[in-house]
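Peer 1: This is the structure I have questions about; it appears just below.
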Amino acid sequence: MATSNFSVSIQLFIDTNRKKVLFAEAGKDFVDLLFGLLSLSDGAVIKLLSGHGMVRCLDKIYGSLENLSPKYTLPNLDKNILLLHPCVEEGYVRDFTYMVMDDLEVKPLSTVSILDVLIKSGVKDVGKLDVVVVHLGWQEGVELLRGSLLSNTNLTGLFLGEEVLPTILLVKLMGNDNKCKATAVYFLDSTC
């Protein structure tokens, strides 16, 4: 995917009372972008998120392999296959209009699906909704990837600046001898 000329537009439906994106109306290009995130290898994700405070030591592993001379790797190893996953040129979905929820759930757009979202969201006055067209470039695509790992309010966080980051809870289980027996890290999403 070329970083310089990538661009896609979506239409956001924003609940102005709650300052939340209810859903986005999107075409094939945006849905292909979202589904394409699932096909990325771990190496591609690490490369995309390096420098965004997300990958900590994994970016060191990625860089090590990327910079390792071929004289140290097995002869049949193609580092590019390990580091990056090949793109699917034709995409993943048919040319149709889709509804993309704030948590990035995708479904075909229909009158019924719109009414369902409005009812479930408690919107009583559709006149209070803002409809905004936004354009996504390469950087916004990377931010969607990052947000998808951290939050259930991806579109709101990206376009309204209401990013909700998880709280990290570190739990150490101590034994009777005051030595650490186990450590667990939990990511608590404050949207729950």
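The values are calculated or read from the model by the stated rules, or taken from the named source; none is laboratory data. Quick caveat, the model's predicted, so the values are computed rather than measured. Heads up, the Cβs are rebuilt from the backbone with ideal geometry, glycines too, and the neighbour counts pull from every protein chain shown.
Peer 1: Specify the residue that is farthest from the chain's Cα centre (by Cα); the eligible residues are those in segment 126-141 that are surrounded by 16 or more Cβ atoms within 10 Å (Cβ to Cβ) and under 30 Å from residue 45 (Cβ atoms).
Peer 2: Top of the filtered list is 136.
Peer 1: Out of (1) closer than 23 Å to residue 8 by Cα; (2) in contact with a Phe, Trp or Tyr (Cβ under 6 Å, 6 or more places away or on another chain), what's the single condition that is false for residue 117?
Peer 2: It is condition (1) that residue 117 fails.
Peer 1: List every residue pair whose Cβ atoms lie under 9 Å apart, where the two residues are 6 or more positions apart in sequence or sit on different chains, the first residue falls within segment 94-119 and is closer than 19 Å to residue 32 by Cα, and the second residue, located anywhere, is of a type in the set (Lys, Arg) and exposed (fewer than 15 other Cβ atoms within 10 Å of the Cβ).
Peer 2: From segment 94-119, the pairs are 98/107; 99/107; 100/107; 101/107.
Here is a yes/no grid of residues against (1) touching a helix residue (DSSP H, G or I) at 6+ places or on another chain (Cβ under 9 Å); (2) touching a residue at least 60 places away in the same chain (Cβ under 8 Å); (3) within 17 Å of residue 110 (Cα to Cα):
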{"site": "6", "(1), (2), (3)": "yes, yes, no"}
{"site": "19", "(1), (2), (3)": "yes, yes, no"}
{"site": "24", "(1), (2), (3)": "yes, yes, yes"}
{"site": "31", "(1), (2), (3)": "no, yes, yes"}
{"site": "39", "(1), (2), (3)": "no, no, no"}
{"site": "42", "(1), (2), (3)": "yes, no, no"}
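Peer 1: Moving to a separate point now. Tell me, yes or no, whether segment 45-58 has at least one residue that is crowded, with 16+ Cβ neighbours inside 10 Å, in contact with a helix residue (DSSP H, G or I) (Cβ under 7 Å, 6 or more places away or on another chain) and modelled with pLDDT of 85 or more.
Peer 2: no
Peer 1: Further question: Taking only segment 87-115 into account, find how many residues are of a type outside the set (D, E, K, R) and at pLDDT below 90.
Peer 2: Number of matching residues: 7.
Peer 1: If a residue has to be in a helix (DSSP H, G or I), of a type outside the set (Lys, Arg) and loosely packed, with under 10 Cβ neighbours inside 10 Å to count, how many in segment 99-125 make the cut?
Peer 2: 2
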